[in-house]
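Everything below concerns the one structure shown next.
The values are calculated or read from the model by the stated rules, or taken from the named source; none is laboratory data. What you are looking at is a predicted structure, and each value in this text was computed from that prediction instead of being measured. Because the Cβ atoms are built from the backbone with ideal geometry, glycine has one as well, and the counts that use them run over all protein chains shown. Quick note on the areas: whole protein, heavy atoms, side chains included, nothing else; ligands and nucleic acids left out. Shrake-Rupley method; radii C 1.70, N 1.55, O 1.52, S 1.80 Å.
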Amino acid sequence: ALRAAVCGKGPGQRSAVGGQPCCVLSLESGAVLLPCFVLSFSNFFPSLWPRWKNWWVRGILTLAMITFFFIIIYLGPMVLMMIVMCVQIKCFHEIITIGYNVYHSYDLPWFRTLSWYFLLCVNYFFYGETVTDYFFTLVQREEPLRILSKYHRFISFALYLTGFCMFVLSLVKKHYRLQFYMFGWTHVTLLIVVTQSHLIIHNLFEGMIWFIVPISCVICNDIMAYMFGFFFGRTPLIKLSPKKTWEGFIGGFFATVLFGLLLSYVMSGYRCFTCPVEFNNDTNSFTVDCEPSELFQLQEYNIPLVLQSVVGWKTVRMYPFQIHSIALSTFASLIGPFGGFFASGFKRAFKIKDFANTIPGHGGIMDRFDCQYLMATFVNVYIASFIRGPNPSKLIQQFLTLRPDQQLHIFNTLKAHLVDKGMLGSLEDA
């Protein structure tokens with residue numbers, strides 16, 4: 001149903017929406033505040049409005065979310081990590097709430113408490129690993145942190161074991177099956193949400209570009225697939241999502257690959273995006289300043305003979321990262337949507353439309369991040385397989401924490417190795 005009411009108590013009153021009268025658009029997902037000129041569109045095109053109303057709502061809120069995304073990027077990596085944590089908690093809440101509602105488990109003893117306790121335990125484990133890995137010198141400098149780091153895994157296991165024992169003690173005879181259902185539900189949710197949120201943060205530490213480009217490719221594919229499907233869609237793609245079409249799927253793929261190439265070209269020229277995020281012990285802050293690697297230096301590539309006659313060029317100058325961006329955008333557009341199809345199947349299994357109604361026209365936070373989590377795992381695996389090499393700074397940090405006799409042993413071993421290779425002699429001669 002569509003209902004519009006002018007805001008304000010008296011005639012001619014203006015609202016805070018650009019100084020114009022505002023209207024309340026009541027949709028199934030909730031009320032949305034919009035300028036009245038948007039709703040007046042229906043008076044001029046009454047036959048088109050039912051088809052276009054969702055377009056307007058989704059479009060305006062999508063622009064708002066993209067603007068918010070740019071703002072948090074500008075605020076830096078620390079804010080990004082906090083946002084990832086908040087999104088993770090909200091997604092966990094939405095999925096766990098569905099479990100509570102579906103299985104009518106409000107009367108299960110301790111279960112709400114235990115679900116959030118397990119979330120705390122898993123986050124303590126993953127973020128503790130991250131702190132130990134990326135803030136090594138800071139951890140070694142502070143005695144309490146050094147002790148926590150040394151026994152981190154044992155403490156994490158003890159915390160989880162406490163929750164496990166509490167679950168066993170909470171078992172009630174008439175609820176055995178239901179309690180084990182929810183125990184499994186909680187752990188699968190932790191695997192899907194927390195583990196992959198941790199991978200997003202790892203990608204961020206490799207460089208902001210590894211965080212921004214994959215997320216932007218998923219967003220671009222979602223938008224372009226919707227637009228191509230909206231205007232040209234005729235052929236259904238998959239039964240799990242009846243509104244998805246082959247035209248939108250294919251159009252989204254080509255648009256995303258092109259977008260990934262252009263975005264990668266722009267971002268590869270800025271050190272603030274390409275340098276790894278590292279912690280500076282002198283200033284106790286994050287730094288993103290470095291000498292760009294070969295991945296972010298312009299190189300000349302020969303164009304295949306088949307394409308030379310078409311484009312009229314023999315060579316092209318581009319960043320090597322742009323080649324990797326093709327792999328990222330291809331995954332975002334061809335495999336990434338299956339995260340959305342999985343979410344659609346999940347919602348259909350439990351006969352719900354959205355995970356929540358947090359964002360009008362879009363559903364819950366999990367509805368927006370179903371593809372992002374799958375993308376984060378791929379990016380992390382891709383970096384580990386094709387990009388990341390040994391990190392000398394981390395090796396030196398670990399070397400300095402060894403006992404003097406261990407350091408001397410490693411020094412003599414390395415010296416003997418360099419002499420055998422003929423490298424140490426040449427350095428001394430120089």
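Mind checking which lysines have their Cα closer than 23 Å to the Cα of LYS347? Skip sequence neighbours fewer than 8 apart in that chain.
Partners within reach: LYS90, LYS239, LYS243, LYS244.
Counting only protein heavy atoms and using a 1.4 Å probe, what share of the accessible area of region 292-430 belongs to carbon plus sulfur, as a whole percent?
Result for region 292-430: 64 percent of the exposed heavy-atom area is carbon or sulfur.
Please report, as a whole percent, how much of the solvent-accessible surface of region 103-144 comes from carbon and sulfur atoms (probe radius 1.4 Å).
On region 103-144, the fraction of accessible area on carbon and sulfur atoms equals 67 percent.
Quick one: P(r) of region 178-240 from all Cα-Cα pairs, 5 Å bins, percents rounded to integers, in order of increasing distance.
Here the calculated profile for region 178-240 is 4, 14, 12, 13, 13, 14, 14, 12, 4, 0.
Could you work out how much longer the chain between THR97 and LYS314 gets when fully extended? Use 0.36 nm per residue separation minus the Cα distance between them, nm to one decimal.
Taking 0.36 nm per residue and subtracting the Cα distance, the gain is 72.3 nm.
For region 166-251, what % of the accessible area comes from carbon and sulfur atoms, probe 1.4 Å?
Whole-percent figure for carbon plus sulfur exposure: 72.
With the convex hull built on the Cα atoms of region 340-403, state its orientation-averaged projected area in nm².
7.8 nm²
Starting from one equal scatterer on each C-alpha and no solvent at all, send me the Debye-based log10 I(q)/I(0) for region 268-324 at q = 0.12, 0.22 Å⁻¹, two decimals.
Here log10 of I(q) over I(0) equals -0.44, -0.85.
Below 14 angstrom from the Cβ of ILE323, what's the summed charge of the other residues (Lys, Arg +1; Asp, Glu -1)?
Net local charge, ILE323 excluded: -1.
Students sometimes get this wrong: rank SER325, SER293, SER309 by accessible area, probe 1.4 Å, all chains present, largest first.
SER309, SER293, SER325
Mind checking the dipole of region 258-347: about its Cα centre, +1 per Lys or Arg Cβ, -1 per Asp or Glu Cβ, Debye to the nearest 20?
500 debye
Just to compare against my own numbers: the Cα pair-distance distribution for region 107-184, 10 Å bins, whole % per bin, please.
Cα pair-distance distribution for region 107-184, in percent: 18, 39, 23, 15, 6, 0.
With every protein chain present, what is the per residue accessible area of region 123-256 (1.4 Å probe, Å²)?
I get 53 Å² per residue for region 123-256.
Name the residue farthest towards the positive end of the dipole of region 168-310 from the options TYR181, SER216, ILE238, assuming +1 on Cβ of Lys and Arg, -1 on Cβ of Asp and Glu, about the Cα centre.
With unit charges placed on the Cβ atoms, the residue in question is TYR181.
Tell me, what is the per residue accessible area of region 280-345 in Å², probe radius 1.4 Å?
That works out to 60 Å² per residue.
Can you give the accessible area of ILE219 in Å² (nearest 10), computed on protein heavy atoms with a 1.4 Å probe?
Number for this one is 50 Å².
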